[in-house]
Amino acid sequence: MRADQAAIVQWVAPESRVLDLGCGDGSLLRHLWQERQAPGYGVEIDDAKVLDCVENDVNVLQVDLESGLSLFGDHTFDCVILSETLQTIHRIEFLMREMLRVGREVIVSFPNFGHWNARLQVALGRMPVSETLPYEWYETPNVHHCTTADFEDLCRRLRVRIRERLVLHKGRPVTFLPNLLGSVAVYRCTAA
Amino acid sequence: MNAPHDPSSVGAVHAQKAQFGEPLGLKGGATLPGFELAYETYGELNAARSNAVLVCHALNASHHVAGYYADQPDSTGWWDNLVGPGKPLDTRRFFVVGSNYIGSCFGSTGPASNNPATGKPWGADFPVVTVEDWVEAQARLADHLGIERFAAVIGGSLGAMQALQWTLSYPERIRHSIVIAAAPRLTPQNIAFNEVARQAIMTDPDFHGGHYYDKGVVPVRGLRIARMIGHITYLSGEAMAEKFGRLLHRGAPGFDFDIDFEVESYLRHQGDKFSTYFDANTYLRITKALDYFDPAAEYGGNLSVALARAKAAFLVASFKSDWRFPPPRSREIVRALLDNQRIVSYLEIDAPGGHDAFLLEDPRYHKALAAYFANIDL
């Protein structure tokens, strides 16, 4: 499991109702069920990953996140998770509002573009490629990169209250200069 | 007459009939004094009787789901690509029941059967039946076969409506419902297509108000047109363009009203074929069953309330090119199930086949069904 996902499992209270957006092969949902008895649904658009979910026996809904969360009623989940998917979303503001509509709490993780290595590569005149940003610029599914500072600005703008933050590098928490030394950020937020 | 041995086929099969003497009260108010239901089975019912899967058919198909009849090697079942040893619905693991419905023209009691009150075919007097009535009849078949609870009920299109209705009529008797290319109710546009088909049949001079059996005629023209309309709605525009383009049947335009374009040839062929084996009175009743299906109707149109009593786990699947029951119609069902916190997965498959895609072998579709069935505990 990815380091951000291990952190997410710790943050989900037992028996919470969970919605995992961009759930991949469903392994996080499976962990949440096995370790937290948290029942949930995943949303995934990719055919191969949807099949993985069915094989993994997790509930998966093949719909496009860009069209919103109209399948889900208001406040129907304890926790809505967007793990390393934020950077692939076109309408981030819209989706953040939708997540806060259907969930009591949202957990968002993303690769931190403020990490020194990304900054250095840009300073040297190249788009960054790294463990957390593994794509060349011409083939990346990512459309919106941000730093931890950027994300926190957005939260303020959307009146989202950050309850908890964990910045990681190579699976270890980073507390000193996190926006410079952390490569992945995980936030737990609620409506203000 | 042996067909070549195919290890993934259930092989030679035969249709069976179950007789039910108890009267069956129908949703429309009429009562059938008793009835016969045609069915086929594949695989073995296990000792715990926990591996039975009911396959419900759509408009023109029958209980002949898989395999072939020994005396007709070309008679492959309509969902043979799904059902068989090693196929997604694996008959080595599951006991599969293909059930016909009442009102059909394929062996179950229907308009062409004798009305015990008169000793003559029912014809126009055969009652209008509904999806709910079909499920009642199938529940009696389940009793007859000693199946208390189905591991799954699966169907596409009108068959999917039965799979959904099972979860509402008998929530305790179905563990999984697999609802493919479905709609929770027809749109006015869907009903309009059905009405044109019915009018084609009823205005055929050979229809005789539905009492044509003893006149030695069949409303062939009406059936042909009804089927042609149906086929237009089953295929996507894209699939039609791919299949026929603007190919000319005779190589050049005829400047007459004989067949010019290949698509005309196709529709005429489908219409001709259909009119030789399908009964007009059955067609009228099946389209009515489609029109009337609306589980939300008695709950003020609220599907979420209507589905509250369902207990099954669901797999819902739709096809992007299906414009008869397009994906948003399946999403209505999914939304209602989510409102009730039911176990549900939903596939939206980007296959080109239109409404008929549920009968085709798209690998994404079949792999997902195989994975879903493999995860059903027995």
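Just one of the listed residues (A:LEU82, A:LEU95) is of a type in the set (A, V, I, L, M, F, W, C), closer than 19 Å to A:ALA191 by Cα, open to solvent by less than 30 Å² (accessible area, probe 1.4 Å) and in a strand (DSSP E or B), and it is A:LEU82. When residues in the range B:54-76 are screened for being within 14 Å of the chain's Cα centre (by Cα), surrounded by fewer than 22 Cβ atoms within 10 Å (Cβ to Cβ) and of a type in the set (A, V, I, L, M, F, W, C), 1 of them pass.
Summed over the range A:62-79, the residues that are open to solvent by 60 Å² or more (accessible area, probe 1.4 Å) and at positive phi give a count of 1.
For the range B:141-170, a residue qualifies if it is among the acidic types (Asp, Glu) and either touching a residue at least 12 places away in the same chain (Cβ under 8 Å) or open to solvent by less than 10 Å² (accessible area, probe 1.4 Å) (or both), and exactly one does: B:GLU148. So which residues in the range A:90-102 are farther than 14 Å from A:LEU158 by Cβ and either touching a helix residue (DSSP H, G or I) at 6+ places or on another chain (Cβ under 8 Å) or of a type in the set (Gly, Ala, Ser) (or both)? Listed by number, the list holds a single entry, A:HIS90. Restricting the first member to the range B:105-124 and to residues that are on the phi > 0 side of the Ramachandran plot, and the second to residues that are among the acidic types (Asp, Glu), the beta-carbon pairs closer than 8 Å and six or more apart or on different chains are B:GLY107/B:GLU36. In summary, B:GLN138 fulfils each of the numbered conditions (1) farther than 25 Å from B:GLY210 by Cβ; (2) open to solvent by 10 Å² or more (accessible area, probe 1.4 Å) with the single exception of condition (2).
Counting residues in the range B:350-359 that are farther than 23 Å from A:SER67 by Cα, surrounded by fewer than 22 Cβ atoms within 10 Å (Cβ to Cβ), of a type outside the set (Lys, Arg) and away from every other protein chain (no Cβ under 14 Å) gives one or more.
Summed over the range A:10-20, the residues that are open to solvent by less than 10 Å² (accessible area, probe 1.4 Å) and out of contact with any Cys (no Cβ under 7 Å at 6 or more places or on another chain) give a count of 2. Among the residues making up the range A:21-61, those that are open to solvent by 10 Å² or more (accessible area, probe 1.4 Å), in a helix (DSSP H, G or I) and more than 14 Å from chain B (Cβ to nearest Cβ) are A:SER27, A:HIS31, A:GLN34, A:GLU35, A:ARG36.
Taking the range A:101-192 as the region of interest, none of the strands (runs of 3 or more DSSP E) fully inside it holds 2 or more residues being at pLDDT 95 or above, acidic (Asp, Glu) and open to solvent by less than 40 Å² (accessible area, probe 1.4 Å). Of the residues that sit in the range B:322-349 and are within 10 Å of another protein chain (Cβ to nearest Cβ) and of a type in the set (Lys, Arg), which one is surrounded by the most Cβ atoms within 10 Å (Cβ to Cβ)? So the residue we want is B:ARG335.
The values are calculated or read from the model by the stated rules, or taken from the named source; none is laboratory data. Quantities reported herein were computed from a predicted structural model and do not represent experimental measurements. A quick note on method: Cβ atoms are made from the backbone with ideal geometry, for glycine too, and the neighbour counts reach across all protein chains shown. For the accessible areas, the whole protein counts, side chains as well, though only heavy atoms, and no ligand, DNA or RNA atoms are used. Shrake-Rupley method; radii C 1.70, N 1.55, O 1.52, S 1.80 Å.
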